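One structure is given here, and the rest of the page talks about it.
The values are calculated or read from the model by the stated rules, or taken from the named source; none is laboratory data. Predicted model only: the values in this text are computed from it and were never measured. Don't worry about glycine lacking a Cβ; one is built from the backbone with ideal geometry, like all the others, and counts go over all protein chains shown.
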Amino acid sequence: MALFTAEPGWAGRTLCVSDTGLTLTYGDLDAFAGRFAAGAEGRSLGFLLCENTPGVLLAYLSCLRLGAVPVLLDAHIDPALLAELTAAYSPAWVFLPGDVPQESRDSLGPTEGVLAEYGCALLRRTGAVSPALHPDLAVLLTTSGSTGSPKLVRQSRANIEANARSIAEYLELTDTERPITTLPMNYTYGLSIVQSHALVGAAILLTTHGVLEGDFWRFFLKERATSLAGVPYTYKMFHRLRLTGMDLPSLRYMTQAGGKLPEELHQVFAQWCADTGRRFYVMYGQCEATARMGYLPYQNALSKVGSMGIPIPGGSFRLTDDSGAPVPEGEVGELIYHGPNVTMGYAACAADLARGDDWQGVLHTGDMARRDPDGYYYIVGRKKRFIKLFGNRVGLDESERLLSARFPEAEFACTGRDDLMTIFTDSSDPELPQAAIDYLSGVTHLARSGFSVTAVDAIPKNEAGKTLYTALPTNP
């Protein structure tokens, strides 16, 4: 089991199969890492523009082996943001797919090509000098909600290895697994799938097709994918596609993270997996914890619907009030996580990359949760996603969950200020706005005047399927 060194005897194992028909082995990775090293020039900072293709996978795993530190970014990142990040961090090199727009390339400044393979190119930025890097720093990721900020999460080699090993343990991964990519590699959840499976020498099925495309499912069946992963939005798509009626003989297990899954969907997929001899895992994590912090054992997927589970192997949780004191069982408090996968902290500029470990294994998640008598945790909302309605504290996340459960045909996003909650919906049903207000008013026992509903064409989401609240209308 290795991520940071070549594993003896693995050269002939399949590392990945792409939807273009290319198959690469772990031996191909060994060879590519040598060529990548010559272009990246050892331990230096670079940008890795990601898509789910063989070249990007090879480049990322090569960085882990060589000690080069990549900032993982979406291959189609906004050029202005790419220019801002380039100015803030001064990468020495950039690895990018061939379909990256010229405007994005121009935002990097002058470059020279030093390697071109698998439809990708390694470019050295002319005159750029890598900033100083802390010896433990391994990877930099944008936080899941950062679309216009240079803030990055600093992950260490120890963070990555600890989390990958923990995930491999509770998912019972072996080298016979064949996960298919449903999430971007620059998203912490998608990256954790790559790392935990590469750790055990499994074969990763790489596709750029989405789950709504027929080519995705043809590739799934042809290459005998063994698992599916998704955020709540993905599972809504699975439900619309009637996945539980599909013939997927190779599917062994499903995982869900990236936000709380509506309980009715949790019930549907947990029951289907139980009925068909498969495993269904609900998981909980943040980029700040490398990836995973909690998981719901598949044996309890039906008895603990709505729970995100228990701490991952090697980690622990506690709940505290605003003063930091423990809260009694059954009451809500902020979820605090302890574990070796808690990252080193944030970076906002190149100078921060030389910083040490700011968090020392303790993460204040910002999520509010409760614990049941069996030690299982339930997320109820974000600490800062609350407003006061007529003096009463109301959770915006919980309101979204309630609305989604009551009106499953629609999407919702709740924002607001004290004394007014604004509910955005993509529903065109003219009766839904009043029905939604009546429902929330009845649930909260608060006056209807505290709620307003605005219809939009679509609820804006980022690449990981999370709602982009800043992209919603500001004056509905």
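List pairs: first in region 285-296 and within 19 Å of residue 185 (Cα to Cα) and assigned by TED's automatic domain parsing to the domain that holds residue 231, second among the charged types (D, E, K, R) and outside any loop (DSSP other than H, G, I, E, B), Cβ under 6 Å, 6+ apart or cross-chain?
Partner pairs satisfying both residue conditions: 285/292.
In region 291-337, which residue that is among the charged types (D, E, K, R) and crowded, with 17+ Cβ neighbours inside 10 Å is farthest from residue 355 (Cα to Cα)? Spell out how you get there, then give the answer.
First pass over region 291-337, keeping only residues among the charged types (D, E, K, R): 292, 304, 318, 321-322, 329, 331, 334.
Among the residues that remain, those that are also crowded, with 17+ Cβ neighbours inside 10 Å are: 292, 304, 334.
Working: 292: 24, 304: 41, 334: 27 Å.
This residue is 304.
Conditions: (1) hydrophobic (A, V, I, L, M, F, W, C); (2) farther than 19 Å from residue 191 by Cβ; (3) at pLDDT 95 or above. Residue 6 meets all but one. Number of the miss?
Here residue 6 clears every test but (3).
Within region 117-174, count every residue that is surrounded by fewer than 21 Cβ atoms within 10 Å (Cβ to Cβ), in contact with a helix residue (DSSP H, G or I) (Cβ under 7 Å, 6 or more places away or on another chain) and at pLDDT below 95.
3
Taking residue 68 as the residue in question, decide whether it is free of Cβ contacts under 8 Å to residues at least 40 places away in the same chain, surrounded by 24 or more Cβ atoms within 10 Å (Cβ to Cβ) and of a type outside the set (Val, Ile, Thr).
Answer is yes for this residue.
Please go through region 237-269 and pick out each residue that is over 29 Å from residue 175 (Cβ atoms), in contact (Cβ under 8 Å) with a residue 12 or more places away in the chain and small (Gly, Ala, Ser).
259
Which residues, taken from region 173-216, are more than 18 Å from the chain's Cα centre (by Cα) and β-branched (Val, Ile, Thr)?
174, 176, 200
On the given criteria, is residue 405 under 21 Å from residue 260 (Cβ atoms) and free of Cβ contacts under 8 Å to residues at least 60 places away in the same chain?
no
What are the residues in region 338-351 that are surrounded by 15 or more Cβ atoms within 10 Å (Cβ to Cβ) and either not small (Gly, Ala, Ser) or not in a loop (DSSP other than H, G, I, E, B) (or both), if any?
Scanning region 338-351 gives 338, 340, 341, 342, 343, 344, 345, 346, 347, 350.
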